[in-house]
Structures are given as structure tokens and as C-alpha cells.
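There's a structure below that I have some questions on.
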Amino acid sequence: SPYCCRYRIDKPFDELLASGLAQNPLPTGKGARGRPKKGKARNLLERFRDHKEEILLYARDFAIPFDNNEAERNIRNFKAKLKISGCFRTSEGARDYAKIMSFLITAKKNSINIFEAMSMALDGQILFLDGATE
């Protein structure tokens, strides 16, 4: 059942988190100014506590990727273009480039030949990315 699965994942996470927070207590005393620094470990533990649902989402739903590499790969072309050219001449040109790249990446993800997709788009045929044409 979903509850059983959630319990098996949440309980060890919560226990480890509690242990980590106990080993890295909030600092006491006053510094020269402002609040005392918590330290990197405490800050990380608090982020784990505050973002628990997002962190464990990949373990609850196996359709969710563990990392975000796909999104990073998708913007790599855009960043490479910026590095080579230095910039886009207009914001309209940047938007056009983003639309074209988005179209091509989506076609590729849907196993559509990129050359065919570009040819159809340039011929004025509307390409639906499920492979059907209109």
C-alpha cells in the first residue's frame, strides 16, 4: 500500500534527520553582531527537513528522475551559443532560437527524425509531436 511504502521511506529519513540535528545543535551565545552562525552541516540538515517531500519524491514515484541532468542538457546548447556569440543581438532573436531548440528537443524526445521535423516545419506543414501531421 502507498502508506506502507511512505512509512518505510519516511521513518529512516526522519530518524537520520533527527540524529543529525541532535549532533549539530543550534549555536548558543552571542557573536559580535547578529545571530550566531549555524554551520554548513546544520544548514544542510534544515534544508533536508524543509524540503523533505521534494527530496523523497524520486523514491516514491519511480517515473521522477533522481537528478535534473535532462534539463541541464537541454539548456547546454543555449549556453554554448551564448559563449560563442557572446550574446544575442535582440531579445526577439533569443526567443526565436529558444523556440526552435525547444521544437527540436521535443521532436528528438518523441523519437521523430529531426531532419524530417525541420523539413515539415519549413514546408509549412504543422507537425504534432506525437508523430501525426495535419
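The values are calculated or read from the model by the stated rules, or taken from the named source; none is laboratory data. Keep in mind that what you see is a predicted model, and the values were worked out from it rather than measured. Quick reminder, even Gly has a Cβ in these numbers, built from the backbone with ideal geometry, and neighbours come from all protein chains shown. Only protein heavy atoms, including side chains, enter the accessible area calculation; ligands, DNA and RNA are left aside. Shrake-Rupley method; radii C 1.70, N 1.55, O 1.52, S 1.80 Å.
What are the pairs with Cβ atoms under 7 angstrom where one residue, in the range 17-28, is touching a residue at least 24 places away in the same chain (Cβ under 8 Å) and the other, located anywhere, is assigned to a helix (DSSP H, G or I)? Sequence gap at least six, or different chains.
So the pair list comes out as Leu17/Leu45; Leu17/Phe48; Leu17/Arg49; Gly20/Leu45; Leu21/Leu45.
Yes/no matrix, rows are residues, columns are (1) aliphatic (A, V, I, L, M); (2) outside the structural domain of Pro12 (by the TED database); (3) under 28 Å from Leu104 (Cα atoms); (4) open to solvent by 80 Å² or more (accessible area, probe 1.4 Å):
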site: Asn24; (1), (2), (3), (4): no, no, no, no
site: Arg35; (1), (2), (3), (4): no, no, no, yes
site: Leu44; (1), (2), (3), (4): yes, no, no, no
site: His51; (1), (2), (3), (4): no, no, no, yes
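Shifting gears a bit: If I go through the range 1-18 residue by residue, how many of them are among the aromatic types (Phe, Trp, Tyr) and modelled with pLDDT of 90 or more?
From the range 1-18, those among the aromatic types (Phe, Trp, Tyr) are 3, 7, 13; that's our starting set.
From what's left, modelled with pLDDT of 90 or more: 13.
Qualifying residue count for the region: 1.
Show me the helices (runs of 4 or more DSSP H) entirely contained within the range 19-134 in which 2 or more residues are modelled with pLDDT of 80 or more. Walk me through how you get there before you give the answer.
Numbers: elements: 40-50, 52-60, 69-85, 91-109, 114-122.
Ranges flagged: 40-50, 52-60, 91-109, 114-122.
Turning to a different aspect of this structure: Hey, among Ser91, Ser85, Ser111, which residue is at positive phi, polar (S, T, N, Q) and open to solvent by 50 Å² or more (accessible area, probe 1.4 Å)?
Working: Ser91 fails: at positive phi; Ser85 fails: at positive phi.
Selected residue: Ser111, the only one of Ser91, Ser85, Ser111 that is at positive phi, polar (S, T, N, Q) and open to solvent by 50 Å² or more (accessible area, probe 1.4 Å).
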